[in-house]
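Right, one structure below, let's go through it.
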Amino acid sequence: MTLVLTDDQLMFRDAAKRFAAERAPVAQLRKLRDDLDPVGFSREVWKEMADMGWAGVLVPEEHGGVGFGFVGAGLIATEIGRNLSATPMLSSAVLAVTALLQGGTPAQKETLLPAIAGGDLVIAFATDECVRHTPYHISTLCTGKHKLNGRKLHVLDGHVADRLIVSARTSGDIGARDGITLFLVHPQASGVTITRSSMVDSRNSAVVELRDVVVEEADIIGTFDKGAIVLDAVLDAGRAILAAELLGVAEESFERTLNYLREREQFGVKIGTFQALQHRAAHLFCEIELVRSVVLRTLQALDAQEPTASSLVCLAKAKASDVARIATNEAVQMHGGIGMTDEFDIGFFMKRARAAAETFGDQYYHTDRFAQLSGY
Amino acid sequence: MSAQMNSDQTLEAFRRDTRAWLEENCPPEMRQPVADEYDICWGGRRAQFKNDAQRAWLQRMAERGWTVPEWPQQYGGGGLSKDEARVLREEMASLKCRSPLTSFGISMLGPALLKYGNEKQKSEHIPKIARGEIRWCQGYSEPGAGSDLASLKTRADDQGDHFVVNGSKIWTSYGDKADWIFCLVRTSFTGKKQEGISFLLFDMESAGVTTRPIRLISGYSPFTQTFFDNVEVPKENLLGELNKGWTIAKYLLTHERNMIGGMGTQRVTPLSQLAIKHVGMTGGQLTESALRTDIARFEMDALAFALTMNRVTDEAKAGNETGAMSSMLKYYGTELNKRRAELTMSVTGSEGLKFGDAHGEEQLAAMWLRTKANSIEGGTSEIQLNIIAKNVLRLPGA
């Protein structure tokens, strides 16, 4: 497989690029934030995105999606990153869809996948319990037949979800990979409390509390006690798509910064003539080129279900997180005082880079995991 | 049958034939890893072959034009398509065949000759490069013209049917072993400095050429300073037009950069394997956690860089614009190579410090010192960043 996009992929990307810039630009995120919008994204726009094939990008055609795979989802995510588009794409179209595709029963797939792909159903994935991503640290307990008790943090789009997928411990010690089971939970079920968190990137996150929440056998996704198989796949999917989004964040803040360097004058010259700034910009260009390569390669590896895909996911998420951090920090610094103002958009990119890096493991987490997977 | 399938089948047939030929013709000695300098065949009038196998391997490959697989057959090349050349590389790699010939004629001058040379120059020089008969060196840098290469002062004065060259070049790689030099000379002292430079080819045995080896911090002397004292060069040895040599010089530098940048991805023992051996493991992890983190970060960047090299190659094959990437690859590749060497020294501790006339098998310290030149030769890292700022990012005044 070559590291060049096919004509179909290029067309899909160009359509996504136009749509995101027109219908879900940074100005929309700003408005959602300023209006204290109760949903946190535009349901109308999400429906349009579903019509474009975004909500069903990973869903096979037999279940009402477009089946464009992770490369396709990544192309959308990069445009989302460039525009900071607020959507339930990651939570519902990537995490929940991957969980259902990997572990869903035929009945679950038949009822839920077409509804997600149509943009009519949002499913959130509730797993993290620690402030820093620690995937197997699951102390939400499932006891008896079956009652859930626990507390989930940083549940993306949790407060507007029509369903939740919740990881719980059905056996084993906290921290063990074995003994985890995934359940489909109704947010209106007795004992479920969902509290929206206000986050620095103005994107949706919630805390989900479960108190004696009753679930059925039919609500299990994947295999009892072996839910980590599905969980790992869901997390790797989310990490790779976040890496693609972070690529877009880095690219867009870099381009905006280059434009500023070409226009802004001090000491009677454009500040882009200063070599101190040129070299930092040129170095950043190289780093972003590396991220482009690793993101594309990783998405291809996930589509092909290559055995070493997890290592590539670590590389992509670590590199994209780190480079987006540098790109957005440099963007604010090179914009100078105006970069510190809320009126100017550049700060939004730095906030999103921070939040997206943190979600499902930042560069430190994934550097450590890369070394582990490499046997050292 | 589609055209694609047809060409796939042709390519597979080429692969089978190539493999069979390589198995038949590549001597076993030429399938061993390169252990030292003498295992690399540079060719030339004074070529010193380490053994008969090395000589035979060069001859057999040169007969097929496979020392320069993609160059035209009329000049002694293989005339292979890009895909066929890739198959040849893959089959050579899988049989562990050494490169039959390494030379600056192949990696630098040849592409410039093919692009800018006249028919006489091409048929005179390219076949000798392909057969390894003439070893070339590069006359670019001068004591007073390093990063500011265009300010070079070695001059060629027009004496009717010939030029007379006076001046001095420095950092001439293997200048004392080369047969001919491709040399940047000043032929005009008016106007922009870039527009008074010409590109000359001449024999290092010409009267008035002398070389002096330069001993480096690594202990090696791969470079010379080269002096020209009234060297007569026939007019026909001017490549391209008078005063238009800078364009050729830059074209050739992109090939040099790709070669130097690519050194960062050479197959060597992974750093982590070396670290497991020398640092040791505790609880499934390298014993020193700070070192482990730096090694992991290096290996991740090295993998990301290798993927980027692949992507640039794929983009070029797909016909997409990639010219601007050579500075990026040179800058990032050489900085990575230095990082690898620094970490290798850290990992190997006092073992890595061993140094002396009797270089050990690993020669780690010499290798570490050698990498410091990577980000200087062929245009420093800072010059590459300048080029990116100007040609890629289009920043003002750059």
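What follows is calculated from the coordinates using simple rules that are stated; it is not laboratory data. Model, not experiment: these values are computed from the prediction. So basically every Cβ, Gly included, is an ideal-geometry build from the backbone, and we count neighbours across all protein chains shown.
Tell me whether the range B:136-244 comes out rounded, prolate or oblate; compute the Cα gyration tensor, take square roots of the eigenvalues as a ≥ b ≥ c, and use a/c under 1.5 as the rounded threshold. Present the calculation step by step, with values, prior to reporting the outcome.
Numbers: a/c = 2.22, a/b = 1.40, b/c = 1.58.
Oblate, since a/c reaches 1.5 and b/c is not below a/b.
Would you mind counting up the charge near B:TRP136? Only other residues with Cβ under 10 Å from its Cβ, with Lys and Arg at +1 and Asp and Glu at -1.
On the way: positive: B:LYS128, B:ARG135; negative: B:ASP179.
Around B:TRP136, the surrounding residues sum to +1.
Take B:LYS153 and A:CYS130, extend 7 Å from each Cα along the Cα→Cβ direction, and tell me the distance between the two endpoints in nm.
6.5
Under the Kirkwood approximation for Rh and a Cα-based Rg, what ratio Rg/Rh is obtained for chain A? Each step should come with its number before you reach the end.
Details: Rg = 20.6 Å, Rh = 21.0 Å.
Here the Rg-to-Rh quotient is 0.98.
Give me the net charge for the shell around A:ALA244: Cβ to Cβ below 14 angstrom, other residues only, Lys and Arg +1, Asp and Glu -1.
Values: positive: A:ARG13, A:LYS17, A:ARG82, A:ARG239, A:ARG292, A:ARG297, A:LYS317, A:LYS319, A:ARG352; negative: A:GLU79, A:ASP236, A:GLU245, A:GLU251, A:GLU252, A:ASP303.
Surrounding charge for A:ALA244 is +3.
If R₀ is 30 angstrom, what is the calculated FRET efficiency for the pair B:GLN59 and A:THR2, using the beta carbon separation as r and rounding to 0.05?
Values: r = 36 Å, r/R0 = 1.19.
After rounding, the FRET efficiency stands at 0.25.
Name the helices (complete DSSP H segments) of chain A with a Cα length along the long axis of 18 Å or more and a Kyte-Doolittle mean of at least 0.0, or state none. Intermediate results must be reported in sequence, preceding the final value.
Values: long enough: A:7-23 (24 Å, -0.96); A:69-83 (22 Å, 0.64); A:227-263 (54 Å, 0.49); A:275-303 (42 Å, 0.34); A:309-335 (38 Å, 0.34); A:346-358 (19 Å, 0.18).
Flagged H segments are A:69-83, A:227-263, A:275-303, A:309-335, A:346-358.
For the protein assembly as shown, what is the percent of antiparallel DSSP beta bridges, rounded to the nearest 5? Walk me through the intermediate numbers first.
Numbers: 57 of 69 bridges.
Here the share of antiparallel DSSP bridges comes out near 85 percent.
Quick one: which residues, 5+ away or cross-chain, put their amide H under 5 Å from the amide H of A:SER197? H built at 1.01 Å from N.
Distant-sequence amide H within range of A:SER197: A:SER205, A:ALA206, A:VAL207.
If each residue's Cβ is checked for other Cβ atoms within 10 Å, how do B:CYS26, B:CYS183 rank with the fewest at the top? Working shown, then result.
Working: B:CYS26 21, B:CYS183 28.
If I rank by nearby Cβ atoms, fewest first, I get B:CYS26, B:CYS183.
Fewest first, what order do B:VAL34, B:VAL165 take by the number of other Cβ atoms within 10 Å? Before the final figure, lay out each step's value.
Numbers: B:VAL34 12, B:VAL165 25.
Fewest to most other Cβ atoms nearby, the residues stand as B:VAL34, B:VAL165.
What lysines could a cross-link reach from A:LYS147, if we take a straight Cα to Cα line under 20 Å and drop same-chain neighbours fewer than 8 places away?
Excluding near neighbours in sequence, the set is A:LYS226.
Between B:SER99 and B:ILE217, how high is the FRET efficiency from 1/(1 + (r/R0)^6) when r is the Cβ-Cβ distance and R₀ = 30 Å? Nearest 0.05.
Details: r = 28 Å, r/R0 = 0.92.
The formula returns an efficiency of 0.60 here.
Net charge near A:VAL155: determine it from the other residues with C-beta under 11 Å of the C-beta of A:VAL155, scoring Lys and Arg +1 and Asp and Glu -1. Can you show the working numbers first?
Working: positive: A:ARG151, A:LYS152, A:ARG196; negative: A:ASP128, A:GLU129, A:ASP157, A:GLU209.
After counting each charged neighbour, the total is -1.
Helix-only estimate, please: 222 nm mean residue ellipticity of the protein assembly as shown, summing -39500 (n - 2.57) across DSSP H runs of length 4 or more and dividing by its residues, to the nearest 500. Write down the numbers at each step before the final one.
Values: 22 runs with 350 residues, N = 774.
Theoretical 222 nm ellipticity from helices: -15000 deg cm²/dmol.
Kindly identify the range B:280-373 as rounded, prolate or oblate by the Cα gyration tensor criterion: order the square roots of the eigenvalues as a ≥ b ≥ c, call it rounded if a/c is under 1.5, otherwise compare a/b with b/c, prolate if a/b is larger, else oblate.
Working: a/c = 3.30, a/b = 1.60, b/c = 2.07.
It is oblate, given that a/c is not under 1.5 and a/b is not larger than b/c.
Using a basic spin-label model with each label point 7 Å from the Cα along Cα→Cβ, how many nm lie between A:LYS147 and A:ASP212?
Taking the simple label geometry, A:LYS147 and A:ASP212 are separated by 0.5 nm.
By a straight-distance test (C-alpha under 28 Å), which lysines pair with B:LYS50 as possible cross-link partners, with residues fewer than eight away in the same chain excluded?
B:LYS96, B:LYS128, B:LYS177, B:LYS354
Any idea how far apart A:MET340 and B:GLU37 come out in nm if each label point goes 7 Å out from Cα toward Cβ?
In this crude spin-label approximation the distance works out to 5.7 nm.
Which FRET efficiency, nearest 0.05, do B:ARG46 and B:LYS193 yield, Cβ-Cβ r, R0 22 Å?
My answer for the efficiency is 0.05.
Within chain A, what's the longest run with no GluC sites (Glu not before Pro) in a DSSP loop and at most 13 other beta-carbon atoms within 10 Å? Give the range, please. Write down the numbers at each step before the final one.
On the way: sites that count: A:GLU216, A:GLU343.
The segment A:1-215 is the longest one with no such site.
Only residues of the range A:197-219 count here: report those whose backbone N is under 16 Å from the spot 7 Å along Cα→Cβ of A:THR111, or say none.
Residues passing the 16 Å test: A:214-219.
Using each residue's phi in the range B:210-217, evaluate 6.51 cos²θ - 1.76 cosθ + 1.60 at θ = phi - 60° and report the 3J(HN,Hα) Karplus result to the nearest Hz, with x for Gly and Pro.
Taking θ as phi minus 60°, the curve returns 9, 10, 9, x, 10, 7, 9, 4 Hz for the range B:210-217.
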